[in-house]
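The values are calculated or read from the model by the stated rules, or taken from the named source; none is laboratory data. Because the structure is predicted, anything quoted here is derived from the model rather than measured. Cβ coordinates were reconstructed from backbone atoms using ideal geometry, including for glycine residues, and neighbour counts include every protein chain displayed. Just so you know, the surface numbers come from the protein's heavy atoms only, side chains and all, with ligands and any DNA or RNA stripped out. Shrake-Rupley method; radii C 1.70, N 1.55, O 1.52, S 1.80 Å.
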Amino acid sequence: MKDAFGTPQSLLVLGGTSEIGLATARRLVARRTRTVWLAGRPSPGLEKAAAGLRELGADVRTVAFDALDSESHEAVLGKIFAEGDIDMVLLAFGILGDQARDEDEPLSAVRVAQTNYTGAVSAGLVCARSLQAQGHGALVVLSSVAGERARRTNFIYGSSKAGLDAFAQGLGDALHGTGVHVMVVRPGFVRSKMTAGLEEAPMATTPEAVAEAIETGLRRRSETVWVPGALRVVMSALRHVPRAVFRRLPV
């Protein structure tokens, strides 16, 4: 179980090749985490990620998990929890999509929505129920500042994250007092493979910085974490900009 400072002994990463997920796992393994489950589509990348964590001294297991296959979530995730308590679940899977293509190809847009929102709702509820049954644990959900207000350049991705964010907040309220803590993480532009080739936004961050913020948030039992923290003020202002003005902003 977690110690007084919130460091989990066991961690389940949904999205086992996520750069933020792996940066978080490395950081926690360096502290106290000893058992790590990496859930994702079977691939050399997933096995490489597991090998890297094993080199740090963790007991790492991989499991085949597909965010789009919601019907399998109860069985797949149930088997993991049946192996023993999970102190922390990090919901880290998601896809950015391609806004221009997704507007022209609605099925591509649907895939973004199903991965980032529908798949997360399914997996999140299954994990929340298992955490509640064991009486303790944290569910950390990677949202995005993109969900704070829809922008012309990425409203499909942003809308999926807006739905996820609202879901996670509501789930946190539903689980309040049960021993299960839900923390929503809202990073800005993260320098990663997913954003490679895109124009970098102001206040860009890294997977390692997000991992540090997650660890700090766990220790403080935060409900919402912004990365970097200054984005909280920026997005609060942008939310209240009149729509006619917002359309003309270079965001």
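If you take all C-alpha pairs in region 10-248, what percent of them are over 34 Å apart? In whole percent, the long-distance tail amounts to 12. Put simply, region 139-251 fits an ellipsoid with semi-axes of 25, 17, 12 Å; these come from the alpha carbon gyration tensor as the roots of five times its eigenvalues, largest first. Normalised by the number of residues in the chain, the mean separation of alpha-carbon contacts (under 8 Å, six or more apart) gives a relative contact order of 18 percent. Each Lys and Arg adds +1 at its Cβ and each Asp and Glu adds -1 at its Cβ; summed about the Cα centre, region 1-85 shows a dipole of about 460 debye. Taking every protein chain into account, the 1.4 Å probe leaves Val110 with about 60 Å² of accessible area, to the nearest ten.
Compared with the alpha-carbon gap, the fully stretched path from Ser70 to Ser43 is longer by 7.8 nm at 0.36 nm per residue. Placing unit charges on each Cβ (+1 for Lys and Arg, -1 for Asp and Glu) gives the chain a dipole about its Cα centre, and among Ala237, Leu56, Phe155 the Cα reaching farthest toward its positive end belongs to Ala237.
Working from the Cα coordinates of region 1-124, the gyration tensor eigenvalues give, after taking √(5λ), semi-axes of 28, 15, 13 Å in decreasing order.
Listed values for region 87-98 are Karplus-derived 3J(HN,Hα) couplings in whole Hz (6.51 cos²θ - 1.76 cosθ + 1.60, θ = phi - 60°), namely 7, 8, 10, 10, 8, 10, 7, x, 10, 7, x, 10, and x replaces Gly and Pro. Rounded to the nearest 20, the size of the Cβ-charge dipole of the chain about its Cα centre is 720 debye, with Lys and Arg at +1 and Asp and Glu at -1.
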